[in-house]
Each structure stands twice: as structure tokens, then as C-alpha cells.
Amino acid sequence: MNGLDWAVLIAYFGVMVAIGLWSHKRVDDVGDYFTAGGRMPWWLSGISHHMSGYSAVMFTGYAGIAYQYGITSYVTWSFPIAIGIAIGARLFAPRLNRMRSQLHVASPLEYLKDRYNLTTQQALAWSGVLLKIVDVGAKWAAIATLLSVFTGITLTQGIVITGAITAVYCTVGGLWADALTELGQFVIQLVAGLAMLVAALGKVGGFSGIWTVWDEPALRHHGEPTAGPYTLVFLLAYLFIKTFEYNGGMWNQAQRYMATRSAREATRSAVLSSALWFVWPLVLFFPMWISPLLVHARKPDGSDSYGLMVERLLPHGLLGLVVVGFFSHTMAMCSSDANAIAAVVTRDIAPAFSRTAHAWTARAGLIAARFTTVAFLGLSMAVATQVNSPTFKDIITVVIKWVAGLVGPIAIPFMLGLMRAFRRSGPTAALTSWAMGLLAFYLLNYPVNDAVQGGVKLQYQVAAPLAVSLVLYIVIGWIKPEDTPERDALIAKVNTDPPGSAAIALPEPAQEPGPVARPSAAAEQHQDGPGTRHAAG
């Protein structure tokens, strides 16, 4: 990178911070901070949902898969995500939106205390937070790896730079800042991705190279849809997993649906995100597929191939823009995760351990949310320095094996608990499916692998925990039904739109009210009496 590239990068950082400061004016309470007050347009929510779904891991870990195996990087990654989001557009998006509008919650997990019990809520909250610290750590390591290719700075320096910039804008502006910066990042990535595509096509004979390049000996097997460990079974397992993860199972995507004005707009948001997942990764992936013709990767897994290709193909200025594109994806995902985790910590975990948190004013709650956001980002940055340790092995291992393998036990009780068909499944089913899913992940990834090296294929390592959780959640629900009138009433609220625009009141639980029952400060000022709440904002 030269002075022009650095100018582009610094200007990008400046714009991100400016958006965060502008968004600060739109944030008055935790509802604004975590769900944009339910006022986000569906198209902005859809673009934000898409951008928060992938990071610089695409340009390192998945670039390595594309370098080694070709189009299987698209077929077994973004294609199943697109299908999964399309499925969730009807199944999950409207229900998640009604969860905010009718239950008056600001965190995706607030409803779990009434749907199951406090123990279930805390189990899912704590395990999800710990997993996300590791997941986001992998994202910081990915962008730092790319930055080191272009600038020569160390991994730790790259992690600190990207994490600090992200902390500024997402802490100040909340979900509004996340969504608006993701819109800007989408435009930047559009220009950068097209520039890279044109440059790559110029090296293989122009537009016709899209069809003719596959005859090259170096790409002989790159046209096969599944290859290596990424088999058809892996594709089906990944579709299974990503349907839950990208429809809200890891919480940050759930916030995008919760932030729209209505259930119908949440559905439209999901449809837009799905369409983008079908189309846009094709543009980004093509240069990666033909990268063996253009560069020779220095790393055995090929994770540095895209960075080397950018250096070779693009002039200064455009090179800086592509580096900005790397940052845009990573910062989009990490900032959205930080906001979601802050919501869970301040609205679900803190009130369970502190009576003071129950009585937070709007200002105190907002301060706690911002402090938690910074703390989460700091912890994930510390973990990022350990991603290449023997425990995690490498970036792609963390993303595929850890995240895909562990998302199921956390997502199953959270997402299926919203649906009428699973109303019989209560706390026993939720906790058992969660615990046994985590145990399945451990057994398939550690003792078994130590005893039989390579004996358990990747698709089973990532799919089995979710399958175990799903089966136990359903079976235990039928063996030991725990549906009650109160739980049935809660499920009914998220499955149907209320008459007109009025929200249906949620009955007060018999136990001490927690985050779900506690309305915002604005709502408290407009209560007609116990058990009747009006949506604030």
C-alpha cells in the first residue's frame, strides 16, 4: 500500500466514525440501541442482515477453500445460507418481529424466561456469549491476517486497529450505526468486488473467460460442486445448520428482523438478504476460483491467495478500496455481534445476578449497554491473538467447526420455542437438548479425534450436535409436555398479528418479573395498571 491506498483506508474509517456519531442522536434508550426502536426500513434491514453475515474470513479461510477446490466454496457455503434465509423468511422473520412488538423486549433472549424458565435463559445466554467471543475473535484474526499481507504490521497490531475503530462507532450509535455503516460498506464492497472481478477477467481473456477458463489444467477439478471434505452430506448438514444460524440462532440476525416496523417488513427484509446471498458471493468468489492461475499461495491452506492476488492485479487506490472492503465485512459482522451480545448481557444476564439491574433507568441501561459492548470487543480481541494456537488450529477451523457445531444446541430451544408446533417442549426439553448437544460436539471433536485420527468426517462433527439437540427437544416435549396456558398465550402472540396496530398485553408472570416482563422506562410511564403494557416508541 502507498499513500493513496492509506488515504482511502483512513477516509473510510473517518466516515464510519462520523456515521456512529450521527446515529448517536437517534439513540435515547436501550430499545433504540438494540432494535432501532422498531423503525428500521425493510430494505436497510435486509442489506444489514446480509452484510452482518460474513466477514474477512471469506477472503482468507474461504479463499483458501476456493484456491484448493474451486466452486465448492460457493455451493457448500453461501448457496445453503441463501436457501436457509429464504426458508426463514416465512418461518422465523415475522415471529421474531412480533416478539419485539408484542412482548416489548429489546434482547432476543428476553422472552425465554417466560417461555421456559430463568435457568434455561441463563444457560443459552452464557453459552452463546462465550461462543461469540471465540467466533468474533476468529474474525479479528482474519482481517489482521489480510492487513499483514498489505502493510507488514503484526497480527496483534491489526487486531487492535480494527477492533478500536469498530468499538467507536458501534458503541456510540448502537444498531442504527451498525445498519447505516453496513449500508455504506455494501456500496464500497460493490465497487471493490466488481473492480476485482474485472481485473481477474482481464487476465483470462475477458468476459468469455467465465466459461473457457475451466479447461486450464490448474483448474481441472475446480468446477466440481463438492470436493475434498466438503461433500454432499456436508452441504445438506450446512443447510440444516445455517437455516437456524442465519435466521436468528446467533442473535445478531434476529435483531435485524426485530428492528423492522412490522412482521411483513421483516419477511421482505429476509427475502432481500436471501437474494443477495444467491448473487453477490458469485462476484466475489470468481477471482478466488481462478487464483491458482494468477498466484502461488505461500500458506498450505491457500488462505493468503486472495491478498496476494489483490496486490498483483489492482493499481494503487483500487487496492486500498479492496482492503476497505475486507474491513467492511469484518466490521459489519463484529459490530452486529457486539450489539447482540450487549443486549443479552444487559437485558438477560445482569438482571439475574443484580437487583440493581432491574431498576436501571433509561440512561443507566444505555450506559451499561455501551460498557458491555466495549468489554465484549476487548475480550474477543484478546481471543483473536490465540486463534492460531493448537486449541483452535486455524481460522477456518473456528468458523466451520466451532461455530457451526455449537450453534445448534443454542439455537434450537430459542427458535423452535417461537412456534406452535413445539409448544409442548418446555424447560426440561430445552435444557436437555442444549446440554446433550454440547456433549455431542465435545465427544465428536476431541476424544474421538484423538483416538481415531480423521475417523469422524467434518460433516458429522458439525451436524451431529444440532441433530441431537433437535431430536431431544421434540421427543422430550412429547414424552414430558410442559405447555401451560401462560406459555401458550406467549406463543400465540408471536404467531399472529394483533387486530389493527395495537399490541396484545402479556399477562404478568407469577414470579418476580425479569427482563421480559419489565417494560422500558417510557412504557412504565404509560401503564394503565398491572399486566397492561403499551409499546414504547
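Read-outs: derived from the displayed coordinates by stated rules, not from any lab. Quick caveat, the model's predicted, so the values are computed rather than measured. Here the Cβ positions follow ideal geometry from the backbone for every residue, glycine too, while neighbour counts run over all protein chains shown.
Once you charge only the Cβ atoms, +1 for Lys and Arg and -1 for Asp and Glu, what is the size of the charge dipole of the range 21-150 about its Cα centre, to the nearest 20 debye?
Roughly 260 debye for the range 21-150.
Quote the FRET efficiency, to the nearest 0.05, computed for Thr484 versus Ala435 with a Förster distance R0 of 35 Å and r equal to the Cβ-Cβ distance.
Efficiency at R0 = 35 Å is approximately 0.95.
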Query - the range 107-113 - phi-based ³J(HN,Hα) in whole Hz, Karplus 6.51/-1.76/1.60, Gly and Pro as x - result: 10, x, 9, 4, 6, 5, 5
Requested in this report: Could I have the simple spin-label model distance between Trp211 and Val191, label points 7 Å from Cα toward Cβ, reported in nm to one decimal?
Outcome: 3.3 nm
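Under a Cβ-only charge scheme (Lys and Arg +1, Asp and Glu -1), can you give me the dipole magnitude of the range 3-386 about the Cα centre, in debye to the nearest 20? If you can, show how the numbers build up before the last one.
On the way: 25 positive and 19 negative charges, 185 e Å.
Taking the Cα centre of the range 3-386 as origin, the dipole is about 900 debye.
What is the ratio of the Cα radius of gyration of the range 287-362 to 2.2 N^0.38 Å, with N the residue count, to two decimals?
On the way: Rg = 21.4 Å, N = 76, 2.2 N^0.38 = 11.4 Å.
The reported ratio for this selection is 1.88.
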Report task. Find how many whole Å separate the alpha carbon centroid of the range 235-254 from the alpha carbon centroid of the range 333-359. Result -> 22 Å
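Taking 0.36 nm per residue of sequence separation and subtracting the Cα-Cα distance, how much length would be gained by fully extending the chain between His316 and Lys203, in nm to one decimal? Intermediate values should be presented prior to the final figure.
Values: separation 113, 0.36 × 113 = 40.68 nm, distance 1.79 nm.
Here the segment from His316 to Lys203 would lengthen by 38.9 nm.
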**Report entry** In degrees, nearest ten, helix 427-445 long axis to first principal axis of the chain (Cα)
**Finding:** 20 degrees
Report task. Could you calculate the contour length gain from Thr356 to Asn2, that is, 0.36 nm times the residue separation minus the distance between their Cα atoms, to one decimal place in nm? Result -> 122.2 nm
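Provide Rg over Rh for the range 3-386; use the alpha carbon set for both Rg and the Kirkwood Rh (inverse mean inverse pair distance).
Working: Rg = 20.6 Å, Rh = 21.1 Å.
Expressed as Rg/Rh, it is 0.98.
Using the per-residue mean of other Cβ atoms lying within 10 Å as a proxy for protection, in what order, highest first, do the peptides 205-216, 403-414, 162-173 fall?
Numbers: 205-216: 12.8, 403-414: 26.4, 162-173: 22.8.
Highest mean packing first, the order is 403-414, 162-173, 205-216.
So what's the range 145-208 giving for Cα Rg divided by 2.2 N^0.38 Å, two decimals? Write out the running numbers ahead of the final one.
Values: Rg = 16.3 Å, N = 64, 2.2 N^0.38 = 10.7 Å.
In units of the globular-protein estimate, the range 145-208 measures up at 1.53.
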**Report entry** For the chain, calculated [θ]222 nm from helices alone, where every DSSP H run of n ≥ 4 adds -39500 (n - 2.57)
**Finding:** -21000 deg cm²/dmol
Query raised in the report: Once amide H atoms are built 1.01 Å from N in the peptide plane, which residues 5 or more positions from Ala227, or in another chain, come under 5 Å H to H?
Result: none
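Starting from 0.36 nm per residue, how many nanometres of slack lie between Ala164 and Met419 once their C-alpha separation is accounted for?
Details: separation 255, 0.36 × 255 = 91.80 nm, distance 3.95 nm.
Stretched out fully, the Ala164 to Met419 stretch lengthens by 87.8 nm.
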Requested in this report: May I have the pair-distance distribution P(r) for the range 1-142, computed from all Cα-Cα distances with 5 Å bins from 0 and rounded to whole percent?
Outcome: 2, 7, 9, 14, 18, 18, 15, 9, 5, 2, 1, 0
**Report entry** Part-to-part distance (alpha-carbon centres) for the range 1-67 and the range 132-163, which is given in Å
**Finding:** 16 Å
Report task. Provide, for q = 0.11, 0.16, 0.21 Å⁻¹, the log10 of I(q)/I(0) from a solvent-free Debye sum over equal Cα point scatterers in the range 154-279. Result -> -0.69, -1.18, -1.22
Query - Tilt relative to the chain, helix 404-416 - C-alpha long axis, 0 to 90 degrees, to 10 - result: 30 degrees
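Under 1.5 on a/c is rounded, so check that first for the range 246-381, then, if it is not, pick prolate when a/b is larger than b/c and oblate when it is not; a ≥ b ≥ c are the square roots of the alpha carbon gyration tensor eigenvalues. Intermediate values should be presented prior to the final figure.
On the way: a/c = 3.04, a/b = 1.90, b/c = 1.60.
Prolate, because a/c is 1.5 or more and a/b exceeds b/c.
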Requested in this report: Mind checking which of Trp360, Leu130, Thr267 is farthest towards the positive end of the range 3-386's charge dipole, using Cβ charges of +1 (Lys, Arg) and -1 (Asp, Glu) about the Cα centre?
Outcome: Trp360
